[in-house]
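K.L.:
Sharing a structure below in structure tokens format, with a few things to ask.
The values are calculated or read from the model by the stated rules, or taken from the named source; none is laboratory data. Since this is a predicted model, take the numbers as computed values, not measurements. Calculation scope for accessible area: heavy atoms of the full protein, side chains included, ligands and nucleic acids excluded. Shrake-Rupley method; radii C 1.70, N 1.55, O 1.52, S 1.80 Å.
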Amino acid sequence: MAEYEETFIAVLMASGLPRMQARVLTCLFVTDTRLEDVARFLDFISGSITRAAEQAREGLHARPGALSPEPPGPDREGRGDPF
């Protein structure tokens, strides 16, 4: 990241900005970019948590037996094929 910042500062200085202003603008730009990345990540996480909470809520309010698998039969208990 430091190499990118130095390159950006050099580009701004080449366009006529004094070094201090170029450094400040670069700092603001990089900080803003990082904050956008953090905001996107937090949106993703909060969406995942919301979906998980909704699924858990649906599971808690489901009819009894709606989420339970079928009881194991003779061929599902690992005893082999009954034929």
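K.L.:
Give segment 29-51 a look and list any residue that's modelled with pLDDT under 90 and among the basic types (Lys, Arg), or say none.
P.N.:
Passing the criteria: only Arg34.
K.L.:
Name every residue in segment 1-24 that is open to solvent by less than 80 Å² (accessible area, probe 1.4 Å) and among the charged types (D, E, K, R), in order of residue number.
P.N.:
If the condition is that a residue be open to solvent by less than 80 Å² (accessible area, probe 1.4 Å) and among the charged types (D, E, K, R), then Glu5 is the only one that fits.
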